[in-house]
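Below is one structure, written out as C-alpha coordinates, with a few remarks after it.
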Amino acid sequence: MIPKANRLAIKLTSRGERYVKQGHPWVFSDAIIKIGKDAKTGDLAVIFDRRNNQLIGLGLYDADSPIRIKILHSGSDNVKIDNDFFRSKTEAAFKKRLPLLSAQTNSFRLIFGENDGFPGLIVDVYNQVVVVKLYSGIWLPYFSGIISSIQALTNSQAIVLRLSRQMETNSNLNLKDGQVLSGVLEGEEVYFKEYNVQFKANVIKGHKTGFFLDHRENRRQVGLLSKGKTVLDVFAYAGGFAIHALVNGATEVTSVDISQKALEVAKSNANLNNFIGTHHTICGDAFTILEQLKEEGKTFDVVVIDPPSFAKQKSEIQIAKKKYRQLAQLGLDLTAPNGLLVLASCSSRVSSKSFFDINKNVLDNSQRPYNLFKTTGHDTDHPTTFPEAQYLKCAYYRFKD
(Lines give C-alpha, C1' and ligand atoms only; values in the text may rest on other atoms or scores of the structure.)
Protein backbone atom coordinates (compact mmCIF):
# COMPACT_ATOMS: atom_id res chain seq x y z
CA MET A 1 0.00 0.00 0.00
CA ILE A 2 1.46 3.36 -1.03
CA PRO A 3 1.64 5.78 1.92
CA LYS A 4 -0.82 8.59 1.35
CA ALA A 5 0.81 11.92 0.44
CA ASN A 6 -0.84 15.29 0.81
CA ARG A 7 -2.56 16.79 -2.22
CA LEU A 8 -1.50 20.32 -3.13
CA ALA A 9 -3.74 22.58 -5.22
CA ILE A 10 -1.40 24.58 -7.45
CA LYS A 11 -1.71 27.34 -10.01
CA LEU A 12 1.04 28.52 -12.31
CA THR A 13 2.04 31.49 -14.42
CA SER A 14 0.78 31.50 -17.99
CA ARG A 15 4.19 30.31 -19.17
CA GLY A 16 4.20 27.51 -16.60
CA GLU A 17 0.74 26.43 -17.70
CA ARG A 18 1.83 26.37 -21.32
CA TYR A 19 4.78 24.09 -20.55
CA VAL A 20 2.61 21.66 -18.59
CA LYS A 21 -0.01 21.54 -21.36
CA GLN A 22 2.75 20.86 -23.90
CA GLY A 23 3.88 17.88 -21.84
CA HIS A 24 7.14 19.27 -20.44
CA PRO A 25 8.05 17.37 -17.24
CA TRP A 26 9.46 20.30 -15.21
CA VAL A 27 7.88 23.17 -13.32
CA PHE A 28 10.36 25.62 -11.80
CA SER A 29 9.73 27.43 -8.52
CA ASP A 30 9.31 30.84 -10.19
CA ALA A 31 6.37 29.47 -12.24
CA ILE A 32 4.27 28.78 -9.13
CA ILE A 33 1.89 31.57 -8.10
CA LYS A 34 -0.39 29.67 -5.74
CA ILE A 35 0.23 26.58 -3.62
CA GLY A 36 -1.32 24.86 -0.61
CA LYS A 37 0.19 25.37 2.83
CA ASP A 38 2.77 23.06 4.41
CA ALA A 39 3.90 21.64 1.08
CA LYS A 40 6.53 18.95 1.51
CA THR A 41 8.65 16.79 -0.76
CA GLY A 42 6.67 13.86 -2.15
CA ASP A 43 3.27 15.56 -1.95
CA LEU A 44 1.02 15.19 -4.98
CA ALA A 45 0.81 18.46 -6.90
CA VAL A 46 -2.59 18.96 -8.55
CA ILE A 47 -2.23 21.74 -11.12
CA PHE A 48 -5.23 23.79 -12.21
CA ASP A 49 -5.69 26.19 -15.13
CA ARG A 50 -6.08 29.74 -13.79
CA ARG A 51 -8.75 30.79 -16.25
CA ASN A 52 -11.36 28.05 -15.78
CA ASN A 53 -9.95 26.11 -12.83
CA GLN A 54 -9.64 22.95 -14.96
CA LEU A 55 -7.11 20.24 -14.08
CA ILE A 56 -4.10 20.33 -16.42
CA GLY A 57 -1.56 18.06 -14.74
CA LEU A 58 -0.37 15.99 -11.80
CA GLY A 59 3.14 15.90 -10.41
CA LEU A 60 5.32 15.40 -7.34
CA TYR A 61 6.39 18.38 -5.26
CA ASP A 62 10.12 18.73 -4.53
CA ALA A 63 10.95 21.30 -1.84
CA ASP A 64 14.70 20.67 -2.28
CA SER A 65 15.02 21.48 -5.98
CA PRO A 66 14.55 24.56 -8.19
CA ILE A 67 12.53 22.18 -10.37
CA ARG A 68 9.77 22.36 -7.79
CA ILE A 69 7.27 20.04 -9.49
CA LYS A 70 8.12 16.93 -11.49
CA ILE A 71 5.19 16.11 -13.75
CA LEU A 72 3.76 12.59 -13.76
CA HIS A 73 0.71 13.15 -15.95
CA SER A 74 -0.47 15.95 -18.25
CA GLY A 75 -4.13 16.44 -19.15
CA SER A 76 -7.54 17.03 -17.68
CA ASP A 77 -8.28 13.41 -16.72
CA ASN A 78 -7.74 12.93 -13.00
CA VAL A 79 -5.82 9.65 -12.96
CA LYS A 80 -5.15 7.86 -9.70
CA ILE A 81 -1.50 7.94 -8.62
CA ASP A 82 -1.06 4.56 -6.97
CA ASN A 83 0.78 1.24 -7.28
CA ASP A 84 -1.10 0.37 -10.47
CA PHE A 85 -0.16 3.72 -12.05
CA PHE A 86 3.56 3.16 -11.47
CA ARG A 87 3.38 -0.53 -12.35
CA SER A 88 1.84 0.35 -15.72
CA LYS A 89 4.62 2.84 -16.44
CA THR A 90 7.30 0.34 -15.46
CA GLU A 91 5.81 -2.33 -17.72
CA ALA A 92 5.63 0.13 -20.63
CA ALA A 93 9.29 1.01 -20.13
CA PHE A 94 10.27 -2.67 -20.03
CA LYS A 95 8.47 -3.41 -23.31
CA LYS A 96 10.48 -0.68 -25.07
CA ARG A 97 13.72 -2.45 -24.08
CA LEU A 98 12.78 -5.96 -25.18
CA PRO A 99 14.56 -5.74 -28.59
CA LEU A 100 17.90 -5.24 -26.83
CA LEU A 101 17.51 -8.48 -24.93
CA SER A 102 17.47 -10.46 -28.19
CA ALA A 103 20.78 -8.92 -29.31
CA GLN A 104 23.20 -10.89 -27.10
CA THR A 105 22.83 -8.15 -24.50
CA ASN A 106 21.71 -8.47 -20.87
CA SER A 107 22.41 -4.95 -19.65
CA PHE A 108 20.06 -2.04 -20.28
CA ARG A 109 18.48 1.07 -18.78
CA LEU A 110 14.99 0.10 -17.66
CA ILE A 111 13.91 3.55 -16.46
CA PHE A 112 15.37 6.77 -17.85
CA GLY A 113 13.95 9.36 -15.48
CA GLU A 114 11.42 11.80 -16.93
CA ASN A 115 11.53 10.08 -20.31
CA ASP A 116 9.81 7.02 -18.84
CA GLY A 117 7.59 8.97 -16.45
CA PHE A 118 9.88 8.71 -13.41
CA PRO A 119 11.59 12.11 -12.94
CA GLY A 120 14.60 11.87 -10.66
CA LEU A 121 14.81 8.07 -10.87
CA ILE A 122 17.16 5.87 -12.91
CA VAL A 123 17.05 2.08 -13.08
CA ASP A 124 19.78 0.05 -14.79
CA VAL A 125 19.86 -3.72 -15.21
CA TYR A 126 23.14 -5.65 -15.24
CA ASN A 127 22.36 -9.29 -15.95
CA GLN A 128 20.52 -10.46 -12.81
CA VAL A 129 21.22 -7.34 -10.73
CA VAL A 130 19.15 -4.14 -10.81
CA VAL A 131 20.61 -0.79 -9.71
CA VAL A 132 18.22 1.98 -8.72
CA LYS A 133 19.72 5.49 -8.65
CA LEU A 134 17.67 7.93 -6.58
CA TYR A 135 18.09 11.64 -7.31
CA SER A 136 15.08 13.04 -5.43
CA GLY A 137 13.16 12.44 -2.24
CA ILE A 138 9.86 12.78 -4.11
CA TRP A 139 9.86 9.01 -4.57
CA LEU A 140 10.08 8.00 -0.92
CA PRO A 141 6.29 7.74 -0.34
CA TYR A 142 6.00 5.50 -3.41
CA PHE A 143 9.33 3.67 -3.29
CA SER A 144 8.35 0.25 -1.97
CA GLY A 145 5.63 -0.16 -4.58
CA ILE A 146 7.99 0.79 -7.41
CA ILE A 147 10.67 -1.62 -6.17
CA SER A 148 8.09 -4.42 -6.03
CA SER A 149 7.09 -3.71 -9.64
CA ILE A 150 10.72 -3.77 -10.78
CA GLN A 151 11.38 -7.02 -8.93
CA ALA A 152 8.35 -8.68 -10.51
CA LEU A 153 9.28 -7.54 -14.02
CA THR A 154 12.99 -8.36 -13.98
CA ASN A 155 12.98 -11.37 -11.65
CA SER A 156 16.27 -10.00 -10.40
CA GLN A 157 18.73 -11.69 -8.09
CA ALA A 158 19.30 -8.43 -6.21
CA ILE A 159 18.22 -4.78 -6.28
CA VAL A 160 20.86 -2.26 -5.20
CA LEU A 161 20.22 1.36 -4.23
CA ARG A 162 22.55 4.18 -5.27
CA LEU A 163 22.00 7.72 -4.01
CA SER A 164 22.89 11.05 -5.60
CA ARG A 165 25.21 13.29 -3.57
CA GLN A 166 22.27 15.43 -2.53
CA MET A 167 20.34 12.41 -1.34
CA GLU A 168 23.37 11.03 0.52
CA THR A 169 23.62 14.22 2.58
CA ASN A 170 19.92 14.13 3.51
CA SER A 171 20.02 13.17 7.20
CA ASN A 172 16.28 12.42 7.21
CA LEU A 173 16.69 9.42 4.94
CA ASN A 174 16.72 5.93 6.33
CA LEU A 175 18.63 4.83 3.25
CA LYS A 176 22.29 4.23 2.48
CA ASP A 177 24.19 4.40 -0.79
CA GLY A 178 25.01 0.88 -1.92
CA GLN A 179 22.48 -0.91 0.27
CA VAL A 180 20.80 -4.03 -1.08
CA LEU A 181 17.05 -3.42 -1.18
CA SER A 182 16.07 -6.98 -2.03
CA GLY A 183 17.67 -10.32 -2.77
CA VAL A 184 21.31 -11.25 -2.28
CA LEU A 185 24.30 -9.56 -3.95
CA GLU A 186 27.29 -11.85 -4.34
CA GLY A 187 30.13 -9.33 -4.42
CA GLU A 188 30.28 -5.72 -5.63
CA GLU A 189 31.12 -6.60 -9.24
CA VAL A 190 28.44 -7.86 -11.60
CA TYR A 191 29.27 -9.52 -14.93
CA PHE A 192 27.21 -8.70 -18.01
CA LYS A 193 27.47 -8.56 -21.78
CA GLU A 194 26.60 -6.20 -24.61
CA TYR A 195 26.51 -7.67 -28.11
CA ASN A 196 28.40 -10.65 -26.63
CA VAL A 197 31.31 -8.50 -25.40
CA GLN A 198 31.93 -9.22 -21.73
CA PHE A 199 32.13 -6.52 -19.03
CA LYS A 200 31.74 -6.12 -15.31
CA ALA A 201 30.34 -3.22 -13.28
CA ASN A 202 30.95 -2.30 -9.67
CA VAL A 203 27.36 -1.60 -8.68
CA ILE A 204 28.29 -0.43 -5.17
CA LYS A 205 31.20 1.98 -5.79
CA GLY A 206 31.28 2.59 -9.56
CA HIS A 207 30.33 5.90 -11.18
CA LYS A 208 26.57 6.45 -11.57
CA THR A 209 25.18 2.91 -11.46
CA GLY A 210 28.48 1.21 -12.27
CA PHE A 211 28.80 1.64 -16.04
CA PHE A 212 27.73 3.95 -18.87
CA LEU A 213 25.12 2.16 -20.99
CA ASP A 214 24.12 5.09 -23.23
CA HIS A 215 27.06 4.58 -25.65
CA ARG A 216 26.37 0.88 -26.23
CA GLU A 217 25.53 1.21 -29.93
CA ASN A 218 28.46 3.59 -30.55
CA ARG A 219 30.80 1.10 -28.90
CA ARG A 220 29.47 -1.60 -31.22
CA GLN A 221 29.93 0.62 -34.27
CA VAL A 222 33.50 1.53 -33.31
CA GLY A 223 34.25 -2.15 -32.82
CA LEU A 224 32.96 -3.05 -36.27
CA LEU A 225 35.10 -0.28 -37.80
CA SER A 226 38.30 -1.29 -35.97
CA LYS A 227 39.23 -4.62 -37.52
CA GLY A 228 42.95 -4.59 -38.38
CA LYS A 229 43.30 -1.01 -37.06
CA THR A 230 45.23 0.85 -34.37
CA VAL A 231 42.86 2.59 -31.96
CA LEU A 232 43.14 5.43 -29.45
CA ASP A 233 40.39 5.53 -26.78
CA VAL A 234 40.48 8.84 -24.87
CA PHE A 235 38.64 9.29 -21.55
CA ALA A 236 38.44 5.50 -21.63
CA TYR A 237 36.98 4.92 -18.14
CA ALA A 238 36.17 1.17 -17.98
CA GLY A 239 37.37 0.56 -21.54
CA GLY A 240 34.08 0.24 -23.40
CA PHE A 241 35.24 1.45 -26.82
CA ALA A 242 38.68 -0.14 -26.46
CA ILE A 243 37.34 -3.60 -25.63
CA HIS A 244 34.81 -3.63 -28.47
CA ALA A 245 37.67 -2.69 -30.79
CA LEU A 246 39.93 -5.47 -29.46
CA VAL A 247 37.20 -8.12 -29.66
CA ASN A 248 36.52 -7.10 -33.25
CA GLY A 249 40.12 -7.49 -34.34
CA ALA A 250 41.96 -4.22 -33.68
CA THR A 251 45.71 -4.83 -33.77
CA GLU A 252 46.63 -2.31 -31.09
CA VAL A 253 44.50 -0.25 -28.70
CA THR A 254 45.64 2.53 -26.37
CA SER A 255 43.32 3.61 -23.52
CA VAL A 256 43.84 7.03 -21.91
CA ASP A 257 42.25 8.09 -18.62
CA ILE A 258 43.17 10.30 -15.65
CA SER A 259 42.19 7.53 -13.22
CA GLN A 260 44.59 4.63 -12.77
CA LYS A 261 41.80 2.77 -11.01
CA ALA A 262 39.56 3.14 -14.08
CA LEU A 263 42.34 1.86 -16.32
CA GLU A 264 42.79 -1.18 -14.07
CA VAL A 265 39.08 -1.86 -14.53
CA ALA A 266 39.52 -1.44 -18.30
CA LYS A 267 42.34 -3.98 -18.32
CA SER A 268 40.32 -6.36 -16.18
CA ASN A 269 37.34 -5.99 -18.52
CA ALA A 270 39.55 -6.66 -21.53
CA ASN A 271 40.78 -9.88 -19.93
CA LEU A 272 37.20 -11.17 -19.79
CA ASN A 273 37.29 -11.45 -23.58
CA ASN A 274 39.31 -13.24 -26.24
CA PHE A 275 41.43 -11.07 -28.57
CA ILE A 276 44.84 -11.14 -30.24
CA GLY A 277 45.63 -7.42 -30.36
CA THR A 278 47.70 -5.45 -27.85
CA HIS A 279 46.12 -3.26 -25.16
CA HIS A 280 48.12 -0.32 -23.75
CA THR A 281 46.99 2.11 -21.05
CA ILE A 282 48.24 5.64 -20.32
CA CYS A 283 47.26 7.39 -17.09
CA GLY A 284 47.17 11.19 -17.03
CA ASP A 285 45.31 14.31 -18.08
CA ALA A 286 43.89 13.67 -21.55
CA PHE A 287 44.82 17.09 -22.96
CA THR A 288 48.44 16.67 -21.81
CA ILE A 289 48.70 13.09 -23.05
CA LEU A 290 47.27 13.96 -26.48
CA GLU A 291 49.74 16.85 -26.84
CA GLN A 292 52.60 14.48 -25.97
CA LEU A 293 51.44 11.88 -28.47
CA LYS A 294 51.20 14.61 -31.10
CA GLU A 295 54.75 15.81 -30.36
CA GLU A 296 55.97 12.23 -30.68
CA GLY A 297 54.43 12.05 -34.14
CA LYS A 298 52.03 9.26 -33.19
CA THR A 299 48.89 8.65 -35.24
CA PHE A 300 46.10 6.08 -35.01
CA ASP A 301 43.70 4.60 -37.55
CA VAL A 302 40.74 5.16 -35.21
CA VAL A 303 40.56 7.91 -32.57
CA VAL A 304 37.65 8.02 -30.11
CA ILE A 305 37.29 11.03 -27.78
CA ASP A 306 34.40 10.76 -25.32
CA PRO A 307 34.95 13.21 -22.43
CA PRO A 308 32.82 13.70 -19.32
CA SER A 309 30.42 16.62 -19.20
CA PHE A 310 32.27 19.94 -19.42
CA ALA A 311 29.21 22.13 -18.73
CA LYS A 312 27.24 21.13 -15.67
CA GLN A 313 26.00 24.69 -15.26
CA LYS A 314 25.25 27.57 -17.61
CA SER A 315 28.37 29.53 -16.66
CA GLU A 316 30.57 26.71 -17.99
CA ILE A 317 29.19 26.58 -21.54
CA GLN A 318 31.86 28.76 -23.18
CA ILE A 319 34.68 26.92 -21.41
CA ALA A 320 33.15 23.63 -22.55
CA LYS A 321 33.04 24.80 -26.15
CA LYS A 322 36.70 25.79 -25.95
CA LYS A 323 37.61 22.34 -24.65
CA TYR A 324 35.62 20.61 -27.39
CA ARG A 325 37.48 22.73 -29.94
CA GLN A 326 40.82 21.70 -28.46
CA LEU A 327 39.88 18.03 -28.46
CA ALA A 328 38.65 18.17 -32.06
CA GLN A 329 42.00 19.67 -33.09
CA LEU A 330 44.03 17.13 -31.13
CA GLY A 331 41.91 14.28 -32.48
CA LEU A 332 42.41 15.60 -36.00
CA ASP A 333 46.19 15.73 -35.53
CA LEU A 334 46.32 12.19 -34.13
CA THR A 335 44.14 10.53 -36.78
CA ALA A 336 46.16 8.78 -39.49
CA PRO A 337 45.56 9.34 -43.22
CA ASN A 338 42.24 7.77 -44.24
CA GLY A 339 41.53 7.26 -40.55
CA LEU A 340 38.38 7.61 -38.49
CA LEU A 341 37.79 10.28 -35.83
CA VAL A 342 34.87 9.79 -33.42
CA LEU A 343 33.96 12.80 -31.27
CA ALA A 344 31.31 12.70 -28.54
CA SER A 345 29.76 15.05 -26.00
CA CYS A 346 27.52 14.38 -23.00
CA SER A 347 27.11 18.06 -22.01
CA SER A 348 23.36 18.69 -22.18
CA ARG A 349 23.92 22.46 -22.04
CA VAL A 350 25.92 22.32 -25.29
CA SER A 351 23.44 21.62 -28.09
CA SER A 352 24.04 19.06 -30.81
CA LYS A 353 24.19 21.86 -33.36
CA SER A 354 26.81 23.77 -31.38
CA PHE A 355 28.92 20.65 -30.86
CA PHE A 356 28.79 19.54 -34.48
CA ASP A 357 29.47 23.11 -35.68
CA ILE A 358 32.60 23.28 -33.50
CA ASN A 359 33.89 20.04 -34.99
CA LYS A 360 33.07 21.15 -38.54
CA ASN A 361 34.88 24.45 -38.09
CA VAL A 362 38.03 22.73 -36.82
CA LEU A 363 38.04 20.07 -39.52
CA ASP A 364 37.24 22.51 -42.34
CA ASN A 365 40.10 24.78 -41.29
CA SER A 366 42.54 21.87 -41.44
CA GLN A 367 41.88 21.49 -45.18
CA ARG A 368 42.10 17.72 -44.78
CA PRO A 369 39.35 16.16 -46.90
CA TYR A 370 36.85 14.28 -44.79
CA ASN A 371 33.35 12.90 -44.78
CA LEU A 372 30.88 13.11 -41.89
CA PHE A 373 29.19 9.76 -42.40
CA LYS A 374 27.27 9.28 -39.17
CA THR A 375 25.84 11.21 -36.22
CA THR A 376 24.18 9.45 -33.31
CA GLY A 377 22.57 10.08 -29.94
CA HIS A 378 21.53 7.83 -27.09
CA ASP A 379 21.00 4.12 -27.53
CA THR A 380 17.42 2.85 -27.71
CA ASP A 381 17.13 2.24 -23.95
CA HIS A 382 17.69 5.98 -23.40
CA PRO A 383 14.65 7.45 -25.21
CA THR A 384 14.26 11.22 -24.98
CA THR A 385 10.89 12.96 -24.74
CA PHE A 386 11.90 16.58 -24.11
CA PRO A 387 14.80 18.78 -25.33
CA GLU A 388 16.78 18.96 -22.07
CA ALA A 389 17.07 15.17 -21.97
CA GLN A 390 19.03 15.04 -25.23
CA TYR A 391 22.52 15.21 -23.75
CA LEU A 392 24.47 12.66 -25.81
CA LYS A 393 25.73 13.37 -29.33
CA CYS A 394 28.40 11.60 -31.33
CA ALA A 395 29.87 12.13 -34.80
CA TYR A 396 32.01 9.90 -37.04
CA TYR A 397 34.47 11.66 -39.39
CA ARG A 398 36.29 9.65 -42.08
CA PHE A 399 39.34 11.35 -43.58
CA LYS A 400 40.02 10.89 -47.27
CA ASP A 401 43.73 11.56 -47.60
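Here is a list of conditions, (1) closer than 27 Å to Thr41 by Cβ; (2) open to solvent by 10 Å² or more (accessible area, probe 1.4 Å); (3) at pLDDT 95 or above, and Gln198 meets all of them except one; can you say which number that is?
(1)
Only one of (1) within 24 Å of Ala5 (Cβ to Cβ); (2) open to solvent by 50 Å² or more (accessible area, probe 1.4 Å) is not met by Gln128, so which one is it?
That leaves (1) as the condition not met.
Residue-wise test of (1) open to solvent by 40 Å² or more (accessible area, probe 1.4 Å); (2) within 23 Å of the chain's Cα centre (by Cα); (3) in contact (Cβ under 8 Å) with a residue 60 or more places away in the chain.
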{"position": "His215", "(1), (2), (3)": "no, yes, yes"}
{"position": "Lys229", "(1), (2), (3)": "yes, no, yes"}
{"position": "Ile243", "(1), (2), (3)": "no, yes, no"}
{"position": "Ala250", "(1), (2), (3)": "no, no, no"}
{"position": "Asn273", "(1), (2), (3)": "no, no, yes"}
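Would you check which residues across the range 14-40 are buried (at least 20 other Cβ atoms within 10 Å of the Cβ) and in contact (Cβ under 8 Å) with a residue 40 or more places away in the chain and list them?
Val20, Pro25, Trp26, Val27
Which of (1) free of Cβ contacts under 8 Å to residues at least 60 places away in the same chain; (2) aliphatic (A, V, I, L, M); (3) closer than 17 Å to Gly113 by Cβ does Leu60 not meet, given it meets every other one?
Unmet condition: (1).
Specify which of the listed residues (Glu291, Glu316) is in a helix (DSSP H, G or I), open to solvent by 10 Å² or more (accessible area, probe 1.4 Å) and at pLDDT below 95. Reasoning before the result, please.
On the way: Glu291 fails: at pLDDT below 95.
It is Glu316.
Just checking, which of Pro119, Pro141 is surrounded by fewer than 21 Cβ atoms within 10 Å (Cβ to Cβ) and touching a residue at least 40 places away in the same chain (Cβ under 8 Å)?
Exactly one residue qualifies, and that residue is Pro141.
For the range 323-350, how many residues meet the condition of being more than 18 Å from Gln221 (Cβ to Cβ), touching a helix residue (DSSP H, G or I) at 6+ places or on another chain (Cβ under 9 Å) and either surrounded by fewer than 21 Cβ atoms within 10 Å (Cβ to Cβ) or not polar (S, T, N, Q) (or both)?
Residues flagged as more than 18 Å from Gln221 (Cβ to Cβ), touching a helix residue (DSSP H, G or I) at 6+ places or on another chain (Cβ under 9 Å) and either surrounded by fewer than 21 Cβ atoms within 10 Å (Cβ to Cβ) or not polar (S, T, N, Q) (or both) within the range 323-350 amount to 14.
Could you please find all residues in the range 84-116 being under 16 Å from Tyr142 (Cα atoms), open to solvent by less than 10 Å² (accessible area, probe 1.4 Å) and not aliphatic (A, V, I, L, M)?
Phe86, Thr90, Gly113
The values are calculated or read from the model by the stated rules, or taken from the named source; none is laboratory data. This structure is a prediction, so every number in the text was calculated from the model and none was measured. Quick reminder, even Gly has a Cβ in these numbers, built from the backbone with ideal geometry, and neighbours come from all protein chains shown. Only protein heavy atoms, including side chains, enter the accessible area calculation; ligands, DNA and RNA are left aside. Shrake-Rupley method; radii C 1.70, N 1.55, O 1.52, S 1.80 Å.
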